[in-house]
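To start, the structure under review is shown below, and the notes come after it.
The values are calculated or read from the model by the stated rules, or taken from the named source; none is laboratory data. It should be emphasised that the depicted structure is a prediction, and the values quoted were computed from it without experimental measurement. Glycine also receives a Cβ, built like all others from the backbone with ideal geometry; neighbour counts cover every protein chain displayed.
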Amino acid sequence: MRQEWLKDKADSRGVVELLRQTKQIWQRGERLIVSGLEGGAKGFFISLLLREITPLLVVTPDQDAAEALWEDILFFAPSEEKGRIHLFPFDGIPQVDLLPRWDLYGQRMKVLRLLIEGGLSLVITPLHGLLGKIISKEDLVSSLIKIKVGQEIERETLLRELISMGYNRVEMVEERGEMSLRGGIMDIYPLDSELPLRMEFFGDQVDSIRTFDLETQRSLEHVGEAVITPLKVEGEGTLFDYLPLQVLVMFDSPFEAEREVEEFWGKLLKYGKEVQFFPPKVVLTMIKERPTVEIGGWDLNLPRDQRPPHVSAHVFSNEELRKQIRAGGLRVLAHEVQRWLKGGWAVYIAVQTSRQAKRMVEILEDLGLKVGFRDFFPYYPLRDRGRLTVVVGDLRAGFRLPSEGLAVMTEEEIFGLKRRIGRGKRAQPTPFSNFEDLKLGDYVVHIDYGIGVYRGLVRLEGEGVENDYLLIEYDGGDKLYVPVDRLNLVHKYIGTGDKPLKLDKLGGISWRRTKKRVKRAVQQVAKELLEIYAARKAFRGFAFSPPDAYFKEFEAAFEYEETPDQGEAIERVMDDMEEPRPMDRLICGDVGYGKTEVAIRAAFKAALDNKQVAVLVPTTVLAQQHYVTFTSRLRGYPVVVESLSRFKPPAKQREILQRLREGKIDIIIGTHRLLQDDVSFRDLGLVIIDEEHRFGVSHKEKLKEMRKLVDCLTLTATPIPRTLQMSLLGIRDLSLINTPPPNRQAIRTYVVNFDQEMIKEAIIKEVSRGGQVFFVHNRVKDIEGVATMLRELVPEVRLAVAHGQMRERNLEEVMLKFVEGEIDLLVCTSIIESGLDIPNANTIIINHAERFGLADLYQLRGRVGRSAQRAFAYLIVPPRQQLSREALKRLRAIQELSELGSGFRLAMRDLEIRGAGNILGHVQSGHIAEVGFELYNNLLEKAIRELKGEEVEERVTPEIRLPIDAFIPADYIADNNQRLIFYKRLSLIEEEKEIEAIAEEMRDRFGPLPSPLVNLLEVIRLKIWLSKFSVRRFDFRDKVVVLTFSPEGAFSPQKLVNLIERGSGKYRLTPGMKLVYTTEARDWMGMLIETRNILQGLV
């Protein structure tokens, strides 16, 4: 038995003995029972075992246990081994098979393929995962398609094979199981692939294979080979078919696993789904036929002589130490660590991220400890004897091995429960064209002609030339054909109001009047914002002290890792508070994105400096919610938190106000009640305002006065567009928290048909674990009928109804009871979107989920999953055949992708526009509605820059008339919407280098550029040059070129005169500022070069 990891510890027992006995029973094909593997020691032991025996099969009681143990094993495994350790997931309830779970199926298929290829050393699965019947090894091997670069393969034959394997042919690949063929380019997203693949053919030869990014559709890396698996995961096989006969099975908590699987089997029988699974007895027999280590199993019913050997690991958990630290503070930790180090132990503290590691090192050094740092757990941990090391990695719990002199702790055991950080990928920003979701019949805004209706992309032919145009219909049926190179003048209309729009008259004066009026209003709002900003800069306020070691400890106790946006917002707030002028910062971000933690840290900082804090919220329910959050987060710290609202008895209110005046309350949370005349503070230093736009006008005036005197932090749950943030730079201190929190525990999301038994089971399961349930039914007229059905279904559950048409006081009372846990099941409309954060509610059932947009579904589902408990979302929809393809894609996006994907960004844009209206005020919302957000924002940005004295360049969009075909052919990009997006992006180009970037993207995605597209790119190049020199129009016909200059053109009049004089009659200038000349070039490309040279000479 190798003991290299121990090095000098040859006489050790404990884990070494356990490893020796495990290897023996594996060689003999026997069973061993192991007890006493506490905390993360289970993962540590299995990671050591991997150095001796591969492959291993690890079986757990359920999916959560499998994920937790998988994370622990990965923490201890060496980096070169991590890619060979895989989860074989099973996450489903028996009756749910409405939408294929491509993400789960993909993980399972990847494990099977890697087992065939010999690329795995460990597979971990819940026992349920072994029950499911899967594709047999023989069928999978025979159906794999392997394609190498240079291989000859007939495209149409390959296409037919892929379709027979279940792949769906689409215009653009966006999810697993899809493929597309565009000329010589085939895109496919194999079921088990991390990334989709792009194969480029030269004839019938595979010229290249590349991975590509779903968001940008751009190629990433070249690969030598593609392996395409079938979409079918089911069959008559079992996971054991793919493993060696003598595979060692590590069976974790077998009694618990058997109990769970028997319950699961009962559900299968109930729903008639048992045919897709093996009976538990069959699977348990398969396990017992193989060498097995049962962790935590001990069958006392067996006669003593029949019991398998039993080994007790000498491992200790950190649970008692955790309690001592909780009671006695970090000095207890320091004392214990010093004792271990004096005894020659190697001590490790695991933290989830590098940011937390840096903070942990600072805290430990402040305690007088010498600390090292590693970004992974070492292969030989005992080489660090006598040393304390902070290690980055995800470990659920620590442990101690006295016999080996090893102690491992987690930050959770020091500072309290941390939420887990998900392993999912983060969304990357991508070009946003404003036309991504433009549909026939949508409103559009032309900067010069106003609001009309989009009627499609049309190709027109005239004088032997073909080109594409955007067709807009105006009032009275008038039509405007916009050349595609001028689409920068057109935006999709996005406004803040729900009122039907009035179309403008083509050539009428109403649009000019509207634009003029909005421009004046925008200049006024910009002036006010600048004046407020300048006045506040001049005012003297209180400068708070910088964060100290005590504050850093408080930060470390935060139960999440800060997102980058959140971390930046906190830093900005701390910097503002240290300034001797009053802070007035706005924090924007969706519910659950971490705004409250920013506010709590600011409040804690103020309290440490002996200043009082007022937290103002628009409703009693939000006041109660914030009170619960603040008191929970500040528990154990010397900070007194109170709340004040009309629900408090008068006597209690008077007592609170008296303590507030005397300075005995540090943080007071309340509604506009805090703005009344009888409220006074001993020393107010910070005001936090949540959702200011929901306060009345008189309250807002009071808040405006407060801002001048003390630091002010405003929170809003509605995100705002980044473009507006850029416009407001330098006149409004603004922090956007746009990054969703890392997937703490992914919300288990099921798309289901309506089934009373399933609904009952979901509600009972949540309530029986002490949780609460949302049942969302978004129609007020029959919500009472739904509530009656649910009362009959689960009579033992405390149920209430909430919707927007109730009297405000009644609604508040219901919501308050739900927040305080007096209601188990809330039957409600989508009003729960706005601002509520109830950690105890961890199941949401959404009726007719297909009727909601993606952003609404995302926000609704985000109301659960706020605690350490696993959260569940059930999206109830009609039978699959009644759902449109768009609805299915929406549901799958919410089921699998969380915030990733262009669909989510599109959906969030509507929320952001609402947020823009909230920030700029009700009046400005009206102006946004009149001209659309994009034009409004352009006007605002220009007004602010002018007032700040910056130069604002008016860019001219030239009209170009050339006798050439310049368009994107439909046989090159077949999808109309994709062509429109590219047209829009090309029209927005301002620098020549951007042309080549888009050209390269098109070559990558669609193949070599066709001639009309090459022409279009040259037209765009010409447009850039003409715009730089303020040329309003360019005409070319029969070798005659006409350049029509703008009067305020960016050229030298003297150089223009010199050009005409030098030309000896070749050039003439008309009174209308038209330069006319005859080109000597042989073709139009030569003419473009000549024109460019002329323009360059005029600078």
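If we scan the stretch 594-602, do we find a residue that is surrounded by fewer than 18 Cβ atoms within 10 Å (Cβ to Cβ) and either in the same structural domain as Leu728 (by TED's automatic domain parsing) or more than 27 Å from Ile532 (Cβ to Cβ) (or both)? No, there is no match, as no residue in the stretch 594-602 is surrounded by fewer than 18 Cβ atoms within 10 Å (Cβ to Cβ) and either in the same structural domain as Leu728 (by TED's automatic domain parsing) or more than 27 Å from Ile532 (Cβ to Cβ) (or both). Considering the stretch 984-1099, the qualifying helices (runs of 4 or more DSSP H), each wholly inside and each with 2 or more residues that are among the acidic types (Asp, Glu), surrounded by fewer than 17 Cβ atoms within 10 Å (Cβ to Cβ) and at pLDDT 85 or above, run over 992-1006. Here Val776 meets each of (1) modelled with pLDDT under 95; (2) in contact with a helix residue (DSSP H, G or I) (Cβ under 7 Å, 6 or more places away or on another chain); (3) over 30 Å from Lys704 (Cβ atoms); (4) not hydroxyl-bearing (Ser, Thr, Tyr) with one exception, condition (1).
Arg198 passes every criterion in (1) within 30 Å of Gly118 (Cβ to Cβ); (2) surrounded by fewer than 17 Cβ atoms within 10 Å (Cβ to Cβ) apart from (2).
Do we have any residue at all in the stretch 501-515 that's of a type outside the set (Val, Ile, Thr), under 30 Å from Asp711 (Cα atoms) and not assigned by TED's automatic domain parsing to the domain that holds Glu701? No, that holds for no residue. The residue pairs whose first member lies in the stretch 672-696 and is under 18 Å from Arg646 (Cβ atoms), whose second member is of a type in the set (A, V, I, L, M) and buried (at least 18 other Cβ atoms within 10 Å of the Cβ), and whose beta carbons are closer than 6 Å, counting only pairs six or more residues apart or on different chains, are Arg673/Leu644; Leu674/Ala614; Leu674/Leu616; Asp690/Val617; Asp690/Leu715.
Against the conditions (1) more than 34 Å from the chain's Cα centre (by Cα); (2) closer than 22 Å to Gly1007 by Cα, Ser180 satisfies every one except (1).
When we screen Gly507, Gly592 for residues that are free of Cβ contacts under 8 Å to residues at least 60 places away in the same chain and on the phi > 0 side of the Ramachandran plot, the only hit is Gly507. Applying the criterion of being touching a residue at least 60 places away in the same chain (Cβ under 8 Å) and assigned to a loop (DSSP other than H, G, I, E, B) to the residues of the stretch 518-547, the residue that is farthest from Ala357 (Cα to Cα) is Phe539.
Here is a yes/no grid of residues against (1) of a type in the set (A, V, I, L, M); (2) more than 15 Å from Asp711 (Cβ to Cβ):
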| residue | (1), (2) |
| --- | --- |
| Tyr593 | no, yes |
| Ala599 | yes, no |
| Thr631 | no, yes |
| Val639 | yes, yes |
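Quick check: is even one residue across the stretch 91-99 outside any loop (DSSP other than H, G, I, E, B) and assigned by TED's automatic domain parsing to the domain that holds Leu269? So far as the stretch 91-99 goes, no, none of its residues is outside any loop (DSSP other than H, G, I, E, B) and assigned by TED's automatic domain parsing to the domain that holds Leu269. Checking each residue in the stretch 946-983 for being in a helix (DSSP H, G or I) and of a type in the set (S, T, N, Q) picks out Asn976, Asn977, Gln978. Screening Val261 with (1) farther than 15 Å from Val123 by Cβ; (2) surrounded by fewer than 19 Cβ atoms within 10 Å (Cβ to Cβ); (3) out of contact with any strand residue (DSSP E or B) (no Cβ under 7 Å at 6 or more places or on another chain) gives one miss only, at (2). Applying the criterion of being surrounded by fewer than 21 Cβ atoms within 10 Å (Cβ to Cβ) and basic (Lys, Arg) to the residues of the stretch 559-590, the residue that is nearest to Gly541 (Cα to Cα) is Arg581.
Residue count for the stretch 50-74 satisfying the condition of being under 22 Å from Ala350 (Cα atoms) and either under 30 Å from the mean Cα position of the chain (by Cα) or buried (at least 23 other Cβ atoms within 10 Å of the Cβ) (or both): 11. When Arg1003, Arg1033 are checked against the criterion of being of a type in the set (D, E, K, R) and more than 21 Å from Leu470 (Cβ to Cβ), Arg1003 stands alone in meeting it. How many residues are without any contact (Cβ under 8 Å) to a residue 12 or more places away in the chain and farther than 22 Å from Pro402 by Cβ if we restrict to the stretch 329-369? Summing the residues that are without any contact (Cβ under 8 Å) to a residue 12 or more places away in the chain and farther than 22 Å from Pro402 by Cβ in the stretch 329-369 gives 3. The set of residues in the stretch 494-513 that are assigned to a helix (DSSP H, G or I) and surrounded by fewer than 17 Cβ atoms within 10 Å (Cβ to Cβ) comprises Ser510, Arg512, Arg513. Taking the residues in the stretch 695-727 that are in a loop (DSSP other than H, G, I, E, B) and modelled with pLDDT of 75 or more as candidates, determine which candidate is farthest from Lys605 (Cα to Cα). Here the residue is Phe695.
Of the residues making up the stretch 118-165, those that are touching a Gly at 6+ places or on another chain (Cβ under 9 Å) and part of a helix (DSSP H, G or I) are His128, Lys137, Glu138, Asp139, Leu140, Arg155.
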